[in-house]
Amino acid sequence: QVQLVESGGGLVEPGGSLRLSCAASGSFASINDMAWYRQAPGKQRELVAGITRGGVTKYADPMKGRFTISRDNAKNTVFLQMNNLKPEDTAVYYCNADVLADDQTGMTLRNYWGQGTQVTVSS
């Protein structure tokens with residue numbers, strides 16, 4: 001069983017910064033792509049940023065220049081540094097990962113979600 005646990009959310013004023021972390025635990029062979037998504041009230045979940053195991057990154061346009069995704073493969077952890085936060089960044093932020101594990105039928109790549117962490121940007 002694989003678990004993704006996010007941390008680092010909270011309340012911050014506009015223009016402030018937060019750093020989210022997501023650590024994977026359990027029994028698995030490796031973690032491939034990792035990503036952060038977010039979902040604001042009444043809106044669909046959307047991609048924030050993604051990173052390959054080799055460190056290639058991609059960002060949604062509203063986050064370019066403000067957010068930075070990174071990962072520590074040795075610690076099975078992905079980070080999201082968020083700077084110059086705006087009220088419209090308020091959402092629940094979810095970690096997502098493609099995990100390679102042996103499910104007794106062979107090595108299988110499965111997609112996992114974390115439970116989410118709330119980020120609120122308000123004065």
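The values are calculated or read from the model by the stated rules, or taken from the named source; none is laboratory data. This structure is a prediction, so every number in the text was calculated from the model and none was measured. Backbone-built Cβ (ideal geometry, glycine too); neighbour counts: all protein chains shown. Accessible surface is based on the protein model in full, side chains and every heavy atom, while ligands, DNA and RNA are left aside. Shrake-Rupley method; radii C 1.70, N 1.55, O 1.52, S 1.80 Å.
Take region 6-52 and flag every residue that is in contact (Cβ under 8 Å) with a residue 60 or more places away in the chain, within 16 Å of Ser70 (Cα to Cα) and hydrophobic (A, V, I, L, M, F, W, C).
Scanning region 6-52 gives Leu18, Leu20, Cys22, Ala24, Ile31, Met34, Ala35, Trp36.
Any chance region 86-109 includes a residue that's polar (S, T, N, Q), farther than 14 Å from Val48 by Cβ and at pLDDT 95 or above?
Scanning region 86-109, I find no residue that is polar (S, T, N, Q), farther than 14 Å from Val48 by Cβ and at pLDDT 95 or above, so the answer is no.
Would you confirm whether or not region 102-121 contains a residue that is closer than 18 Å to Gln39 by Cα, open to solvent by 40 Å² or more (accessible area, probe 1.4 Å), in a loop (DSSP other than H, G, I, E, B) and of a type outside the set (Asp, Glu)?
Within region 102-121 (the criterion being closer than 18 Å to Gln39 by Cα, open to solvent by 40 Å² or more (accessible area, probe 1.4 Å), in a loop (DSSP other than H, G, I, E, B) and of a type outside the set (Asp, Glu)), the answer is yes, since at least one residue qualifies.
Which ones in region 6-58 are among the aromatic types (Phe, Trp, Tyr) and either surrounded by fewer than 15 Cβ atoms within 10 Å (Cβ to Cβ) or part of a strand (DSSP E or B) (or both)?
Residues satisfying the conditions are Trp36, Tyr37.
So if I check each of Val92, Val119, which one is under 15 Å from the mean Cα position of the chain (by Cα) and under 14 Å from Ser17 (Cβ atoms)?
Answer to the check: Val119.
Select, from Arg45, Arg53, Arg66, the only residue that is within 21 Å of Ser7 (Cβ to Cβ), in contact with a strand residue (DSSP E or B) (Cβ under 6 Å, 6 or more places away or on another chain) and charged (D, E, K, R). Break it down into steps so the answer makes sense when it comes.
Numbers: Arg53 fails: within 21 Å of Ser7 (Cβ to Cβ); Arg66 fails: in contact with a strand residue (DSSP E or B) (Cβ under 6 Å, 6 or more places away or on another chain).
The conditions single out Arg45.
Out of the residues in region 59-91 that are part of a loop (DSSP other than H, G, I, E, B) and either in contact with a helix residue (DSSP H, G or I) (Cβ under 9 Å, 6 or more places away or on another chain) or of a type in the set (D, E, K, R) (or both), which is least open to solvent (accessible area, probe 1.4 Å)? Even if it seems obvious, please write down each step before you answer.
We begin by selecting, within region 59-91, every residue part of a loop (DSSP other than H, G, I, E, B); these are 60, 64-66, 76, 83-86, 90.
The next check asks that each one be either in contact with a helix residue (DSSP H, G or I) (Cβ under 9 Å, 6 or more places away or on another chain) or of a type in the set (D, E, K, R) (or both); those that pass are 64, 66, 86.
On the way: Lys64: 118, Arg66: 25, Lys86: 75 Å².
The extreme case among them is Arg66.
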